[in-house]
Amino acid sequence: MAPPGLPAGTTLEDLPEAETWDARLRTSDDGRPLVEVDAPYLARFRRAPASAGLALTAGDSSAVFLGPPPDAPARSAPASPARAAAPGRVSVRLFDATGAPAATVAADRAWLQQASGRLVAEGRVEATVGSGGRVAAPRLTATRDGAFTASGGATATLAGAR
């Protein structure tokens, strides 16, 4: 039985342990940047909810949801993709082990696995990866080591391609 006020099947462990609105988060390790986040809403979970559809990788024990707040009204998508800094969009910058930018991603929503730096972004995703390659897709997974996977009708422009 769910605790009072929660939907059936929901446990306290399914709820975020921390939330913030209009989030700006910058993390570093020994002076080297790891991740920069700008999001209309951020919720940190002790474990990713099953509804997130994420399989945590080794070393990950928590996940962060970035996107619209739970009480935000549904919005129709604009005719053209929004810029990274557009209101209501998520912007995430991942850095490699040396502190160099590995990927910049803009999306409607995303899950960030903190320990590994793995980002799963969904909804009108636009990304710049590696040394300038660009990807647009409905869903994209990116990591701090520069690896990425896009799905759902992705288009890509590779740096240096003619």
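The values are calculated or read from the model by the stated rules, or taken from the named source; none is laboratory data. The structure displayed is predicted, hence computed values, not measured ones. Backbone-built Cβ (ideal geometry, glycine too); neighbour counts: all protein chains shown.
Just to be sure before I move on: is A147 hydrophobic (A, V, I, L, M, F, W, C) and closer than 25 Å to A72 by Cα in the structure I sent? Against the criterion (hydrophobic (A, V, I, L, M, F, W, C) and closer than 25 Å to A72 by Cα), A147 does not qualify.
What about T141, is it touching a Gly at 6+ places or on another chain (Cβ under 7 Å) and of a type in the set (V, I, T)?
Details: touching a Gly at 6+ places or on another chain (Cβ under 7 Å): no; of a type in the set (V, I, T): yes.
Answer is no for this residue.
Taken over the range 117-141, the criterion of being more than 13 Å from the chain's Cα centre (by Cα) and outside any strand (DSSP E or B) is satisfied by G130, S131, G132. Might you let me know whether the range 57-75 holds any residue that is in contact with a Gly (Cβ under 8 Å, 6 or more places away or on another chain), at pLDDT below 65 and assigned to a loop (DSSP other than H, G, I, E, B)? Yes: the range 57-75 contains one or more residues that are in contact with a Gly (Cβ under 8 Å, 6 or more places away or on another chain), at pLDDT below 65 and assigned to a loop (DSSP other than H, G, I, E, B).
Every condition in (1) modelled with pLDDT under 85; (2) part of a strand (DSSP E or B) is met by A110 except one, and the failing one is (1). I need a count of the residues in the range 20-53 that are in a loop (DSSP other than H, G, I, E, B), at pLDDT 90 or above and not charged (D, E, K, R). Result for the range 20-53: 1. Restricting the first member to the range 91-105 and to residues that are without any contact (Cβ under 8 Å) to a residue 40 or more places away in the chain, and the second to residues that are among the charged types (D, E, K, R) and assigned to a strand (DSSP E or B), the beta-carbon pairs closer than 8 Å and six or more apart or on different chains are P101/R93; T104/R93; V105/R93; V105/E126. Looking only at the range 120-162, residues that are touching a residue at least 60 places away in the same chain (Cβ under 8 Å) and either on the phi > 0 side of the Ramachandran plot or out of contact with any Phe, Trp or Tyr (no Cβ under 6 Å at 6 or more places or on another chain) (or both) come to 1 in all.
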